[in-house]
1. Filter the range 102-133 down to residues that are in contact (Cβ under 8 Å) with a residue 40 or more places away in the chain and among the aromatic types (Phe, Trp, Tyr), then give me how many there are.
2. Output the residues belonging to the range 142-183 that are in a helix (DSSP H, G or I), surrounded by 14 or more Cβ atoms within 10 Å (Cβ to Cβ) and either under 18 Å from the mean Cα position of the chain (by Cα) or modelled with pLDDT under 90 (or both).
3. So if I check each of Gly93, Gly112, Gly98, which one is part of a helix (DSSP H, G or I), closer than 27 Å to Arg160 by Cβ and modelled with pLDDT of 90 or more?
4. crowded, with 16+ Cβ neighbours inside 10 Å and either of a type in the set (Phe, Trp, Tyr) or over 15 Å from Ile56 (Cβ atoms) (or both): does that describe Tyr109?
5. Within the bounds of the range 117-126, is there any residue that is part of a helix (DSSP H, G or I), within 18 Å of Gly60 (Cβ to Cβ), within 13 Å of the chain's Cα centre (by Cα) and hydroxyl-bearing (Ser, Thr, Tyr)?
6. Of the conditions (1) aliphatic (A, V, I, L, M); (2) within 28 Å of Tyr158 (Cβ to Cβ); (3) surrounded by fewer than 20 Cβ atoms within 10 Å (Cβ to Cβ); (4) at pLDDT below 95, Leu71 satisfies every one except a single condition; which number is it?
7. Could you list, in sequence order, the residues of the range 34-60 that are modelled with pLDDT under 75 and exposed (fewer than 11 other Cβ atoms within 10 Å of the Cβ)?
8. Here is a list: Glu130, Glu138. Which entry is acidic (Asp, Glu), surrounded by fewer than 16 Cβ atoms within 10 Å (Cβ to Cβ) and in a helix (DSSP H, G or I)?
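The values are calculated or read from the model by the stated rules, or taken from the named source; none is laboratory data. Owing to the predicted nature of the structure, the values given are computational and were not obtained by experimental measurement. FYI the Cβ positions are ideal-geometry reconstructions off the backbone, even for glycines, and counts take in every protein chain you see.
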Amino acid sequence: MIVEVSMAVESGAEFGLEEKVRRAVTWWRVPLMAIATVALVAFMHSTRAFWYGAPIAILGELIQMWAGSQLHKDQHLTISGPYSHVRNPMYIGRFVLGMGFFIMTLNPYLIGGYVIVFAAYAHMRVNREESRLKVIFEPDYQHYCSEIHRWLPRLKPYSRSESKNASWAQVCANHENINMLGTLIVLAAVYARIVKLDWFLRF
């Protein structure tokens, strides 16, 4: 049933501009991210800026891990943990993670460009995902959207929220453990480049 619904939603946007852009980004995202990371590191020269950005990047990944500890994709409507306060905590965490790295450049043009590009990316992804969720979890998702904002968290939890402990198994199922490891490795590499550690230069 879920597969049929997903195919039905996707078919309507198959030839749309947003769908073409989404598929192109999905296909090229790994090489694009690798190129962007290498290019971004070239702008990182300040140890002080690194310590401004690194905690923000780690905070972003922790937000994603918290969201991942609750998320059961397409199995049931997730309304626990951070999802009881905002509809898209995973994207918020992803934005904060990226912002941490861009802050390390101390370049306002790069930071501004990142905000614009991420906003466009998130808009396309979230519109598509929410259209699918409205079909799969109707009418519960409509009620959820009526109380919980897409991007602005609220202190009061969702009226029908569930109380669930964070699940490490779900963190792993959503690959957030690997993402955290990758984040720490990249941070270590960036720091090593900035301070020009001898052991790093030998490699």
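1. Final tally of qualifying residues: 2.
2. To start, the set of residues in the range 142-183 that are in a helix (DSSP H, G or I) comprises 142-147, 168-173, 176-183.
From what is left, the residues that are surrounded by 14 or more Cβ atoms within 10 Å (Cβ to Cβ) are 143-145, 147, 170-171, 173, 176-177, 179-180, 183.
Result: Gln170, Val171, Ala173, Glu176, Asn177, Asn179, Met180, Thr183.
3. Numbers: Gly112 fails: closer than 27 Å to Arg160 by Cβ; Gly98 fails: closer than 27 Å to Arg160 by Cβ.
Only one candidate qualifies: Gly93.
4. On the way: crowded, with 16+ Cβ neighbours inside 10 Å: no; either of a type in the set (Phe, Trp, Tyr) or over 15 Å from Ile56 (Cβ atoms) (or both): yes.
Taking the combined requirement at face value, the residue does not satisfy it.
5. Taking every residue of the range 117-126 in turn, at least one turns out to be part of a helix (DSSP H, G or I), within 18 Å of Gly60 (Cβ to Cβ), within 13 Å of the chain's Cα centre (by Cα) and hydroxyl-bearing (Ser, Thr, Tyr).
6. Status for Leu71: all satisfied but (3).
7. First, pick out the residues of the range 34-60 that are modelled with pLDDT under 75: 34-39.
Those that are modelled with pLDDT under 75 and exposed (fewer than 11 other Cβ atoms within 10 Å of the Cβ): Ala34, Val38, Ala39.
8. Values: Glu138 fails: in a helix (DSSP H, G or I).
From the options Glu130, Glu138, the qualifying one is Glu130.
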